[in-house]
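Have a look at the structure below, then the notes.
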């Protein structure tokens, strides 16, 4: 029997999207090589393998052309490898998991960003929207279960990992009152469970290191948020 | 084994000219699944729609035994999984499925929004949208290559169903952007002709003239000349 084809991930240490690819592989028990990118100075390797979006993560499995887009990668890893299933078994639950992951990526980003980095009325409005979104997401946690996937981490936990780790980092840097115990106790508990998990921890960047790396970019984040607010 | 769901238990809440709804109509037709079609008035959304999609309040919504599924590509994948004995749009191989999902996502992220900027904007921003639309068409042209369908060996597939509804918008994009799809992306133009003749697509789409008239209605609504 030939040895299994090598798996590589082109990622970035502080990218929540890159984390998704790694978390999926680790939860399935698939060994992989991580190639780290400096996103401010993208390599030929990345641009060659993801010419369409030029982003991380990129999954390389053997000799086949790359698979790109973090959620596409997560589903691929789930289907291509043995190991515990990341997607729920029930068809309606699968549709719901995909819906909420898509909601996270498409609908939540802008308001969360503005809630973190603007001020005044724009910030207040964005914070209200963000809290509504967090409440909706929190409502998807199955009652009495540790994870969105139930007893074990699943696709939606991985997709929402941004909230569990990165959002808490951004909240600390920005000082905004978001994702608090008072307002979202269940989501906060989930965030602690997710980031403490033995497997997931191994591909989460050290919190202090991320804070140190991202704090200098605060002015940039504020200007991006202001541009978003101006367009609304 | 889970009991087979009664396929006539399908209701589609939709809006006639929506390319997103049309994806679902195409998938249902490809799978020969009977369903009840409900036309929603987007100016006065029904309670059923608002309850079924409380987050976005958007069509299409598929109700299966009364349970809602939202987002067109998610609905199509749901149909694949809930009705496994019907003709499939996604191939069996995980790698091919991943590529299909990637390209359907690309169409989803790019085409409608860029097209909307073509009719909403003027001057430099519109020129930028035009340049972007040409880029999108060329990228899709490269992906299609010499294949008959985006689905390749699989035949008419997930990406074809995702992109086909936009073929009835090509004429509008051409008028607004002053270009010809046949010149910018001849393989895409040929593909558009081919899919247009496919029964599932032909019966789901409206004529390009009707789409152009609809854009006129939208422009009036947004106060754009």
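The values are calculated or read from the model by the stated rules, or taken from the named source; none is laboratory data. The structure presented is a predicted model; accordingly, all values stated were derived computationally and were not measured. We place every Cβ from the backbone using ideal geometry, glycine too, and count neighbours over all the protein chains shown.
Some notes on this structure:
- Test: residue in segment B:34-47 that is touching a helix residue (DSSP H, G or I) at 6+ places or on another chain (Cβ under 6 Å), away from chain A (no Cβ under 14 Å) and more than 21 Å from residue A:92 (Cα to Cα): yes
- Counting only strands (runs of 3 or more DSSP E) that sit completely within segment B:1-108, those holding 2 or more residues that are under 15 Å from the mean Cα position of the chain (by Cα) and in contact (Cβ under 8 Å) with a residue 12 or more places away in the chain correspond to B:10-14, B:61-64.
- Pick from segment A:74-84, criterion within 14 Å of chain B (Cβ to nearest Cβ) and in contact (Cβ under 8 Å) with a residue 40 or more places away in the chain, ranking: surrounded by the fewest Cβ atoms within 10 Å (Cβ to Cβ): A:82
- The residue list A:116, A:71 contains one member that is in contact (Cβ under 8 Å) with a residue 60 or more places away in the chain and more than 28 Å from residue B:67 (Cα to Cα), which is A:116.
- Residue within segment B:166-173 that is surrounded by fewer than 21 Cβ atoms within 10 Å (Cβ to Cβ), outside any helix (DSSP H, G or I) and within 19 Å of the chain's Cα centre (by Cα) present: no
- Some residue of segment B:65-73 being buried (at least 22 other Cβ atoms within 10 Å of the Cβ), at the interface with chain A (Cβ under 9 Å from one of its Cβ atoms) and touching a strand residue (DSSP E or B) at 6+ places or on another chain (Cβ under 7 Å): yes
- Sole residue being within 17 Å of residue A:187 (Cα to Cα), within 13 Å of chain B (Cβ to nearest Cβ) and at pLDDT 95 or above, chosen from A:132, A:91: A:132
- Some residue of segment A:46-64 being more than 13 Å from chain B (Cβ to nearest Cβ), free of Cβ contacts under 8 Å to residues at least 24 places away in the same chain and surrounded by fewer than 19 Cβ atoms within 10 Å (Cβ to Cβ): yes
- Among the conditions (1) over 24 Å from residue B:136 (Cα atoms); (2) part of a loop (DSSP other than H, G, I, E, B); (3) within 17 Å of the chain's Cα centre (by Cα), the only one that residue A:55 does not satisfy is (1).
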